[in-house]
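The values are calculated or read from the model by the stated rules, or taken from the named source; none is laboratory data. What you see is a predicted model; the values in this text were computed from it and never measured. Ideal geometry is used to build each Cβ from the backbone, glycine not excepted, and the neighbour counts take in all protein chains shown.
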Amino acid sequence: MMKKENTGPASVWVLFEKNSELAYLDLQQRLTDIEVGTPLEILNAALALIQADIQTMDNSFADVADLSDTTRIVFFKEIRPKFVALWLFYLERYHLILNKPLGAKQGIKCFYESELQQLDYFLKRYGFYYSYFRSGMSQTDHLYFLPDIKMASAAPELPILPGMSRTPCDYLFARFLSCELIIQYVLAQIIDLDKQNLSLPAVPDLVKKKKVQTQFGLSVDQLGMAVRAALDASVVKGKSFQSLCEELAPMVVTASGQRNVSAGSLRSNAYTGEDVDKHVLIRAMEKMIRLIKEY
């Protein structure tokens, strides 16, 4: 007798959570594919993609009935803010590109350092909530991440578009995520400027030594774990973990656009990845497995 498939609320939520993670990974890849054109063209294309995915996700979530408060909190605390954070990141990155001063590299570096100071001020201003965000606390989730709670929003400002915020703190958590993405982006720009200030070798040497860089839809932590797992599973042979990281690091561009990834960070982050990084990496590999089966 065929076993009846479980279609209860719990199994429906598991499917929704999995599909949301796959949709997020797919969105990151599609955003990478549009990084050609003027800054405004890239911005408009990126915001259109992200906003459409947010709307689709919200509609799918609304169709999931009989959810517990626990699952609703997961959606508004962890799943939805990641999509909104990408929207905020591309908008903020566009303004950075637009306002970057012309002229000497030192002036440009001062501009980026000022941006880091503003981001630091923002995170300190909402220090209590940021600590709550970073530490994974959950004691007051029922006040912060349920849409039917009558509580004043803790968000620093009203979202630019209606529908970007649904609970007192989901938009604020999206702001935190976007701040971390912008910090990575700004630091990468500063590193590039510092490298340009070093004495450059002759042009023929530059051409000879130039290495192709590939952008991955993963963070440094997630890439480090992927490289470590590939070595441990003997997918890659004949190399130490350290030497493998040293060879791969110069060729890596992370999901946020970070270049100049160091071998040390790639190696150390492989041992310090958080559960959310493991979750994202597993989902990415599951997507690869599904695609391989379809080839």
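General observations
- Among residues that are more than 16 Å from the chain's Cα centre (by Cα) and buried (at least 17 other Cβ atoms within 10 Å of the Cβ), Ile54 is not included.
- Any chance Leu177 is touching a strand residue (DSSP E or B) at 6+ places or on another chain (Cβ under 8 Å), modelled with pLDDT of 75 or more and not in a loop (DSSP other than H, G, I, E, B): no
One line per residue, one yes/no per condition, for (1) outside the structural domain of Leu143 (by TED's automatic domain parsing); (2) in a helix (DSSP H, G or I); (3) surrounded by 15 or more Cβ atoms within 10 Å (Cβ to Cβ):
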site: Thr32; (1), (2), (3): no, yes, no
site: Glu35; (1), (2), (3): no, no, no
site: Ala46; (1), (2), (3): no, yes, yes
site: Leu49; (1), (2), (3): no, yes, yes
site: Phe61; (1), (2), (3): no, yes, yes
site: Glu78; (1), (2), (3): no, yes, yes
site: Pro81; (1), (2), (3): no, yes, yes
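- Where Asp66 falls short, out of the listed (1) exposed (fewer than 15 other Cβ atoms within 10 Å of the Cβ); (2) farther than 24 Å from Phe145 by Cβ: (2)
- Meets criteria (in a helix (DSSP H, G or I), touching a Ser or Thr at 6+ places or on another chain (Cβ under 7 Å) and buried (at least 16 other Cβ atoms within 10 Å of the Cβ)) for Phe89: yes
- Residue list for region 30-57, restricted to those being touching a helix residue (DSSP H, G or I) at 6+ places or on another chain (Cβ under 8 Å), of a type outside the set (A, V, I, L, M, F, W, C) and modelled with pLDDT of 90 or more: Arg30, Pro39, Gln51, Asp53, Thr56
- Search result, residues across region 120-133 that are in a helix (DSSP H, G or I) and touching a residue at least 40 places away in the same chain (Cβ under 8 Å): Phe122, Leu123, Tyr129, Tyr130, Phe133
- Selection status of Ala65, free of Cβ contacts under 8 Å to residues at least 12 places away in the same chain and either of a type in the set (Val, Ile, Thr) or not assigned by TED's automatic domain parsing to the domain that holds Val280 (or both): no
- From the list Leu161, Leu187, Leu116, Leu96, the lone residue that is at pLDDT below 90 and surrounded by fewer than 18 Cβ atoms within 10 Å (Cβ to Cβ) is Leu161.
- Within region 69-81, residues that are in contact (Cβ under 8 Å) with a residue 40 or more places away in the chain and over 11 Å from Trp13 (Cα atoms) sit with their Cβ atoms under 9 Å from residues that are surrounded by fewer than 19 Cβ atoms within 10 Å (Cβ to Cβ) and of a type in the set (Val, Ile, Thr), at 6+ positions apart or across chains, in these pairs: Glu78/Val276.
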